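Readers should treat all values here as calculations from the given coordinates under stated rules, not as data from a laboratory. Everything numeric here is computed off the predicted structure, so don't read it as measured data. Backbone-built Cβ (ideal geometry, glycine too); neighbour counts: all protein chains shown.
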Amino acid sequence: MITSTKNPRVVAAAKLKKRAFRDREARFLVEGAQVTVEAIDAGRVEVLYHTMDEDGRVDPLVDRARESGVRTEAVTQGVVEHLTSTVTPQGLVGVATFMDVPLGELAPDPSLVAVLSSVRDPGNAGTILRSADAAGADAVVFGEESVDVYNPKTVRASAGSLFHVPVVRGVPVPEAVETLRARGMRVLATATDGDLSIYEADLSGPTAVVFGNEAHGLDPEVRALADASIRVPIHGRAESLNLAAAAAVILFEAVRAREAPPDGLREIAGLIGPAGHDVRSPLTALTGFVGTLAKRWESFPDEERREIVEGMALDGQRTSALVRLVVDSVRVLSGVSLAATRDRADVAAAARWLADLFALSDDFPDLLVEGEGHARSDPDRIRSLLFGLVDGAVWWGSEGPISVHVSEDGTTTLVEVTRAGVRLGDGEPGSILESPERGGRVSLYTARLVAERLGGSLEAESDGGIRLRLRLPS
């Protein structure tokens with residue numbers, strides 16, 4: 001048994017707590033049962049220092065190490081404490097060989113890679129490595145200004161994941177970005193003020209996510225290298241998430257984006273055909289307007305030209321709103337969250353915008369808007385939602401103008417869209433909110449999906465007319 005911390009083998013092992021000696025020897029220390037067993041199974045442990053109890057018994061892991069061909073050395077508790085950086089060591093310390101790989105030896109077609117740029121905290125770095133492993137990432141790249149992956153605290157925080165995921169160490173981040181992009185990856189930079197929410201960004205394809213410094217985030221030069229920047233939306237009063245927590249959320253959102261449920265795929269397939277038909281109608285009209293104006297511009301009086309252009313504006317906006325609804329609903333059916341944002345859109349203003357738009361054509365009923373209210377979403381999405389309701393009222397109602405009433409009670413904004421007369425026949429009012437395969441209308445079905453994903457609801461009633469009730473968080 002080794003009892004002295006001045007034993008040459010112990011002295012050599014203790015030096016590995018410092019990066020310069022780790023780099024020179026291409027070896028590092030592993031501490032505790034969980035990390036040590038992963039290192040042994042990976043074939044990386046050369047020697048295992050261990051304690052014994054008063055009866056001379058050792059941890060079963062020592063026998064496992066011996067069976068794997070690892071040299072074992074019994075030592076005192078004091079020697080273990082000298083080798084470790086923990087307050088209460090578990091009596092196991094191994095010396096393992098480096099296992100990082102060159103950037104050029106990563107898989108030629110990676111799907112998900114985490115890149116650490118100036119991440120200095122070893123606990124955060126190790127936890128990100130652990131999350132990347134759990135998310136099935138293909139690699140983790142430690143930029144040259146980040147903490148050493150073989151820092152004892154980083155190794156311990158990785159909980160053994162260091163031995164599961166290919167790790168690239170000490171490369172310039174611009175070089176890593178260039179290499180990963182050349183392999184077909186989209187590069188996304190993380191920032192608290194990112195351009196896109198992670199629920200809006202497309203994470204379904206090959207993606208490299210760059211994470212920045214805990215205190216200062218990404219350097220502007222590094223952020224500029226990315227194709228886009230993303231953020232984790234914050235809905236409570238917390239200013240931000242811890243870096244490791246944010247990384248876990250982002251990496252698992254990327255996993256979820258790649259795993260569309262089969263039922264969702266079937267719903268999407270059933271939506272595309274009817275949606276295409278509804279989109280083609282205004283597009284056909286728009287194309288006709290453009291062709292007519294192009295051929296006969298000089299022959300039309302100013303008033304007729306104005307009417308044609310207004311019709312084009314109406315059809316263009318109708319198409320845009322429906323496409324937005326369909327795209328959002330496909331994301332919902334694919335499992336993507338459309339979380340409410342900190343922004344509070346003016347719902348009544350969106351309704352008035354829609355009223356002005358429909359007023360451009362005599363083919364549509366008047367929209368009468370009253371009340372006020374705000375909802376936690378962006379204005380474009382609110383406009384599309386209201387378009388879905390009004391389109392439903394045009395289709396299922398039959399008489400007179402459409403009334404849009406907006407009210408807010410502090411937590412919820414209610415939008416009631418009503419029109420006299422009804423074309424439901426013997427059907428239940430709720431059926432008009434179902435998918436087109438079940439007799440519903442695309443605009444109302446997609447509006448319901450989006451409203452529910454935003455934390456709200458959409459209901460339909462028939463009482464001598466059609467009444468649609470949209471509720472959204474305010």
**Request:** For segment 365-453, restrict the atom set to alpha-carbon positions and state the Rg and Dmax in Å.
**Result:** 13.3, 38
**Item:** Of the GluC sites (Glu not before Pro) in segment 53-154, those whose Cβ has at most 11 other Cβ within 10 Å and which sit in DSSP loop
**Value:** Glu54
**Item:** Over segment 54-129, equivalent-ellipsoid semi-axes from the Cα gyration tensor in Å
**Value:** 34, 19, 10
**Fill in**
Looks like segment 103-257, by Cα gyration tensor root eigenvalues a ≥ b ≥ c and the a/c under 1.5 rounded cutoff (else prolate when a/b is bigger than b/c, oblate otherwise), is rounded
**Asked** Hey, what angle do you get for helix 262-296 against the long axis of the chain, alpha-carbon based, 0 to 90 degrees rounded to 10?
**Response** 50
**Request:** Kindly express, to the nearest 10 degrees and within the range 0 to 90, the angle between helix 302-333's C-alpha long axis and the longest C-alpha principal axis of the chain.
**Result:** 40
**Fill in**
Among Leu322, Pro429, Phe252, the residue whose Cα sits farthest towards the positive end of the charge dipole of the chain (+1 at Cβ of Lys and Arg, -1 at Cβ of Asp and Glu, taken about the Cα centre) is Phe252
**Request:** Starting from segment 366-474, pick out the trypsin sites (Lys or Arg not before Pro) whose DSSP state is loop and whose Cβ has at most 14 other Cβ atoms within 10 Å.
**Result:** Arg423
**Item:** Local net charge near Ser320, Cβ-Cβ under 11 Å (Lys/Arg +1, Asp/Glu -1)
**Value:** +1
**Complete:** Of all DSSP beta bridges with both partners in the chain, the antiparallel percent, nearest 5, is 50
**Request:** Express the relative contact order of the chain as a whole percentage, based on alpha carbon pairs under 8 Å and six or more residues apart in sequence.
**Result:** 10
**Prompt:** Cα-based Rg (one decimal) and Dmax (whole number) for the chain, in Å?
**Reply:** 30.8, 107
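Can you give the relative contact order of segment 1-112 as a percent, counting alpha carbon pairs under 8 Å and 6+ residues apart?
Values: 157 pairs, mean separation 41.4, N = 112.
Across segment 1-112, relative contact order equals 37 percent.
List the GluC sites (Glu not before Pro) within segment 173-250 that DSSP assigns to loop and that have no more than 11 neighbouring Cβ atoms inside 10 Å. Write down the numbers at each step before the final one.
Values: sites: Glu175, Glu178, Glu200, Glu214, Glu221, Glu239; in loops: Glu200, Glu214, Glu239.
Counting only loop positions with at most 11 other Cβ atoms within 10 Å, the GluC sites (Glu not before Pro) in segment 173-250 are Glu239.
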**Message:** Quick check: the angle from helix 347-358's long axis to the longest principal axis of the chain, C-alpha only, nearest 10 degrees?
**Reply:** 50
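Report, for segment 8-97, the % of DSSP beta bridges that are antiparallel, rounded to 5. Intermediate values should be presented prior to the final figure.
Details: 10 of 14 bridges.
Taking every DSSP beta bridge with both residues in segment 8-97, the antiparallel ones total about 70 percent.
Counting each pair of different Cα atoms once, what's the Kirkwood radius of segment 8-97 in Å, rounded to one decimal?
Numbers: mean 1/r = 0.0771 Å⁻¹.
After inverting the mean inverse Cα-Cα distance, the result is 13.0 Å.
Mind running the shape call on segment 108-168? Use the C-alpha gyration tensor, a ≥ b ≥ c as the square roots of the eigenvalues: rounded below 1.5 for a/c, prolate if a/b tops b/c, oblate otherwise.
Working: a/c = 2.02, a/b = 1.30, b/c = 1.55.
It comes out oblate by the Cα gyration axes.
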